[in-house]
1. Search the structure for amide H atoms under 5 Å from the amide H of Lys88, placed 1.01 Å from N in the peptide plane, and list their residues when 5 or more places away or on another chain.
2. How much of the accessible area of the chain, in percent, comes from carbon and sulfur atoms when a 1.4 Å probe is used?
3. Counting other Cβ atoms within 10 Å of each Cβ, which trypsin sites (Lys or Arg not before Pro) in segment 1-102 have at most 16 and sit in a DSSP loop?
4. First measure r as the distance between the Cβ atoms of Gln120 and Gln66, then evaluate 1/(1 + (r/R0)^6) with R0 = 30 Å and state the FRET efficiency to the nearest 0.05.
5. Quick one: Karplus J couplings for segment 112-128, per residue in order, coefficients 6.51, -1.76, 1.60, θ = phi - 60°, nearest Hz, x for Gly and Pro?
6. Pull up all non-local amide H partners of Gly41: gap of 5 or more, or a different chain, and H-to-H distance under 5 Å with H placed in the peptide plane.
7. Each residue of segment 12-27 in turn: what ³J(HN,Hα) in whole Hz from Karplus with 6.51, -1.76, 1.60 and θ = phi - 60°, glycine and Pro shown as x?
8. Between [x] 64, 49, 43; [y] 73, 40, 36; [z] 69, 33, 27, which matches Cα extents along the principal axes in Å calculated for the structure shown?
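The values are calculated or read from the model by the stated rules, or taken from the named source; none is laboratory data. The shown structure was predicted, so the numbers you read here are calculated from the model rather than taken from an experiment. Counting neighbours? That spans all protein chains shown, and the Cβs are built from the backbone with ideal geometry, glycine included. These accessible areas exclude ligands, DNA and RNA; they are computed on the full protein's heavy atoms, side chains included. Shrake-Rupley method; radii C 1.70, N 1.55, O 1.52, S 1.80 Å.
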Amino acid sequence: PSIGPGWSQYLRSTYPAAAEYKIRIHSLFQQISLELAKTGGAVVLLVPDAFLNGAYYKKLRNFVCQNANIITLCELPESTFDDAVVGKWCIAHYRRKDAQNATSAATDIQRVSRRDETLQIENYKLEEVDLVSADKDRFQIVFCDQDRNILRQIGQCLPLRSVMRGHTGIRARTGQKT
């Protein structure tokens with residue numbers, strides 16, 4: 001369903017963290033839920049996992065980090081709900097931060113998978129410094145020390161774009177004629 005231009009403009013101006021690119025109900029729901037939660041209050045949401053790393057969710061991730069401690073992020077299998085097309089589901093458990101005492105806590109990272117009708121749960125704990133990328137662009141979800149250490153080492157490297165440039169597509173040997 002399409003949102004009319006008046007509503008679109010209202011949502012973008014009222015909820016700028018959630019309506020950065022496309023207006024998605026789950027993004028609006030996350031921002032509104034955290035805004036309405038009392039200090040110390042818990043917010044637990046079932047949302048598509050796209051907001052964890054998706055390029056268009058940077059403002060939403062920053063909003064979450066500024067306003068909440070991330071208690072748990074739990075990745076569920078794609079088959080969690082029949083006929084739902086979202087990739088994977090995520091249970092996001094937040095606790096609303098106190099503006100004066102904005103300390104961060106470790107986050108429980110969980111992945112639920114199904115093997116032969118048996119649910120398997122992997123657990124790992126990440127400090128915020130490891131969960132949020134250095135450039136604040138992505139959440140980095142890992143499930144073991146080895147992966148966390150690899151991410152730390154990658155974080156110390158120069159960005160690839162600073163040492164090389166590439167192009168995709170087919171190029172003509174004689175140049176492009178317009």
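1. Residues meeting the criterion, in which the H sits 1.01 Å from N, are Asp49.
2. Of all accessible area on the chain, carbon and sulfur atoms account for 52 percent.
3. Filter output for segment 1-102: Lys22, Lys38, Lys88.
4. Values: r = 34 Å, r/R0 = 1.13.
So the FRET efficiency works out to roughly 0.35.
5. So the Karplus estimates, Gly and Pro as x, are 9, 9, 10, 10, 6, 6, 10, 7, 10, 10, 9, 10, 8, 10, 10, 6, 4 Hz.
6. Excluding prolines and chain starts, which carry no amide H, the hits are Arg96.
7. 5, 7, 7, 10, x, 6, 8, 10, 5, 10, 9, 8, 10, 4, 5, 5
8. Checked against the structure: label [x].
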